[in-house]
1. In region 397-442, which residues are farther than 19 Å from PHE133 by Cα and either touching a strand residue (DSSP E or B) at 6+ places or on another chain (Cβ under 9 Å) or touching a residue at least 12 places away in the same chain (Cβ under 8 Å) (or both)?
2. Taking VAL450, is it among the aliphatic types (A, V, I, L, M) and either within 23 Å of ALA353 (Cβ to Cβ) or surrounded by fewer than 23 Cβ atoms within 10 Å (Cβ to Cβ) (or both)?
3. I'd like the full set of residues that are out of contact with any Asp or Glu (no Cβ under 8 Å at 6 or more places or on another chain), assigned to a helix (DSSP H, G or I), closer than 23 Å to ALA63 by Cα and of a type outside the set (Val, Ile, Thr), limited to region 99-138.
4. List the pairs whose first member sits in region 32-59 and is within 13 Å of CYS9 (Cα to Cα) and free of Cβ contacts under 8 Å to residues at least 24 places away in the same chain, whose second member is aliphatic (A, V, I, L, M) and buried (at least 18 other Cβ atoms within 10 Å of the Cβ), and whose Cβ atoms are under 8 Å apart, counting only residues at least 6 apart or on separate chains?
5. Identify all residues within region 244-270 that are among the polar types (S, T, N, Q) and surrounded by fewer than 18 Cβ atoms within 10 Å (Cβ to Cβ); write none if there are none.
6. For region 468-514, name all the residues that are basic (Lys, Arg), within 21 Å of LEU298 (Cβ to Cβ) and either outside any loop (DSSP other than H, G, I, E, B) or within 14 Å of the chain's Cα centre (by Cα) (or both).
7. Among the residues of region 1-56, how many are buried (at least 22 other Cβ atoms within 10 Å of the Cβ), among the aliphatic types (A, V, I, L, M) and not in a helix (DSSP H, G or I)?
8. Among TRP431, TRP402, which is the only one that is surrounded by fewer than 18 Cβ atoms within 10 Å (Cβ to Cβ) and in a helix (DSSP H, G or I)?
Amino acid sequence: MLLSLFLTCFVSLVLSTGLLIAFGHIVSASSRVLGVLGAAVLAGAAGEAAGWVWRLPSRYVLAGEAVLFALTVAVVLARPRWNPIGQVFYGSFVASALTYLGFAAFTTFFTGLSPLGMAASGLLFVLEFVALFLAASFAFESCDVVCRSRWDRPIPDPDPTYLPKVSLQIAAYNEPPDMLIETIRSVERLGYPDYELVVIDNNTKDPKTWKPVEEYCRDRDRVKFVHVDPWPGYKSGALNLALTEHTDPDAEIVGVIDADYLVNPAYLRETVPYFADPDIAFVQTPQDYREYEGDPYLTACYDAYKYFFATTMPSRNDRNSIIFAGTMGLLRRPLLEKLGGWDEWCITEDAEASLRMLKAGYSGLYINRSFGKGIMPLTFASLKSQRFRWCFGGMQILRRHWRDLMPWSRDRENRLSFGQRFDYFLGGVQWLNDLVYLGFTIVLLASAAVLLTRGRVGIRPLLGAAVLLPSAMIGSGLIRALWALRQRTRIGIRRAILAFINWLSLSWTVALACVQGLLRSEGVFLRTPKTADRRGVLSALWAARSETVLACGLWAAGALVAFRGKATPFLLALFAWQGAVYASAPYMSWLNQRATLPEELERRRRSESMRERLADHWRFYVGAAAGLVVAVALGAVLLLGGSHPGHPRNPFTVPRRAAGDRGPLGNLIKGGPVVPNPTSYPSTSSSPSPSASPSATPSSSPSSSPSPSPSG
């Protein structure tokens, strides 16, 4: 039965992915009846196809169809607002993930592995479980937006007569003065009757940087300029200073604007009236960017940024669980002050503040319309530093608030709904996707070492027909991510691929931030390698040297294993793919160095390079070293497990239909076993197993992760 369900899910996932790409964004009708019919048709077609191709016994085929149908119907009942295409796709995905986990659990604990082999396979199972859980969450976000027929939470009508005083605030640090002045000018052009602008320049050392801004702001209506040095708390410390000492007492709404944004004159007129609803605590609009057209690197960054605000935020808005993203958003001032202002312990203070507001029982509202455009990080090093900060802040929020996000929390002051708890919990744990991916990289490298030194691995293998479902999930994740990106951003396939590569290029940075965020609570920043103004391939490799080493190591290990004849095609494909993920970082770095920027942006690029990124860098490296020690320990366990093979049994054993009737792919079954060569399983025999390969889940790949949250 396990074999039948395994193969039925493989066929179902292939079919449903094709339907999703072809029709998922077109079909607008939705109903439980249509979903149930679609589930029945897909389960029947997948089961019959699998039974015919692999000559499976009818009773097992029916059992596999029943399980697939039941899981898909559960999705239909849970998500009635989705069209039938999205329902059957997600049902197939969930069924495939659960089936694979069932297979992995059985082969880990019930096939006769040695104790050490079972321990190593158990660690691998934990990685697979987390990775598939995260993959399901990313697939959910895509379907929840693209495959929706209608929304449960409509956008309320604003009251155009509600026009309270607003205090807009800019926290600046070492920003080019002409750029910051241009931002101030755009704010001065806002078509709103009653507002002020407070500019807090904190810890900028060079008077040539902040003095011109001070001169411009002197004696101007609506504008206050404050320079403080030194001042603790980073951006949140500066915003607290603006809130408590420099904000007009009559201001009811406060807003945050980044120092490089040009703001639409209609911004406040179009957003403030939503606060007429007393339950609205904050309103967020998309982060948007300019000055990227024509440059492949900046365009890739732009498209990758845009996905979060085009997909994740609309999905979360329907459950009243959006984040405050730090710029181009407004908050209710009395509530922010009542909750203690901005928390300075968190380097993503914006998202943390929105969680506290929702916890207090208020609402957030996402308006999916751009009202301002800023400048993206112009160097790959700055992009890595920004993503590191976002991820580290996400880990801080998760560590501080995880108890409040659990469904069993009964604190009377915690008014979070189940959907809000789940979304904020996912917003934190989704960052772990790249850390899990790093864990699979360690598994691959450790397995290569075992294969090269001992000829076989003691952890459970993934061979024969058992590779079909993981392969389908890898392909489905890649195709679904590119499809969702194109549907939500309306870009071509070439731009979508470059944006996808941009996501992958930050995998090592995010993994490192996760390690730091899990080990320490104090804010820390990424120190990136300085390359001055050098250009060229060597400089690009140096800017992404850690990723380059990982990519070369994976490819070299794969080549050695292949040369020694110790690898299956699936294992070699894993080495090639995981190496390509890390190789995307030097590629993006090289693409960035080819960019020719206008003089204004070139000055901004130089200012990025001058910023201090790490005051306590020795602590950073100590934390990173501790994380790598843990990784090495995991690899050592895998090596030990691999050196003590047990006697695993083949879980894919089924009775034949008839003697000699093996069907067109009967060599996969061979009278029961689906593994072409039974000796491929580790044994105590002195002869090595050239076909043994480690298992790696498809969802460990960042292909399942379209875009991280910008603020945690």
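The values are calculated or read from the model by the stated rules, or taken from the named source; none is laboratory data. All values derive from a computational prediction rather than experimental measurement. All Cβ positions, glycine included, derive from the backbone under ideal geometry; neighbour counts span all protein chains shown.
1. Residues of region 397-442 farther than 19 Å from PHE133 by Cα: 397, 399-401, 403-404, 408-417, 442.
Within region 397-442, ILE397, ARG399, ARG400, HIS401, ASP404, SER409, GLU413, ASN414, ARG415, LEU416, SER417, ILE442 meet the criteria.
2. On the way: among the aliphatic types (A, V, I, L, M): yes; either within 23 Å of ALA353 (Cβ to Cβ) or surrounded by fewer than 23 Cβ atoms within 10 Å (Cβ to Cβ) (or both): no.
No; evaluated as a whole, the condition is false for this residue.
3. At the first step, the residues of region 99-138 found to be out of contact with any Asp or Glu (no Cβ under 8 Å at 6 or more places or on another chain) are 99, 102-103, 105-138.
Those still in the list that are assigned to a helix (DSSP H, G or I) too: 99, 102-103, 105-109, 115-138.
Filter once more, keeping what is closer than 23 Å to ALA63 by Cα: 99, 102-103, 105-107.
Scanning region 99-138 gives GLY102, PHE103, ALA105, PHE106.
4. Close Cβ pairs (under 8 Å, with a partner that is aliphatic (A, V, I, L, M) and buried (at least 18 other Cβ atoms within 10 Å of the Cβ)) amount to GLU48/VAL61.
5. Step one: of region 244-270, the residues among the polar types (S, T, N, Q) are 244, 247, 264.
Within region 244-270, just THR244 meets the criteria.
6. To start, the set of residues in region 468-514 that are basic (Lys, Arg) comprises 480, 486, 488, 490, 494-495.
Adding the requirement that they be within 21 Å of LEU298 (Cβ to Cβ) leaves 486, 488, 490, 494-495.
Result: ARG486, ARG488, ARG494, ARG495.
7. Selection size over region 1-56: 1.
8. Values: TRP431 fails: surrounded by fewer than 18 Cβ atoms within 10 Å (Cβ to Cβ).
Unique residue meeting the criteria: TRP402.
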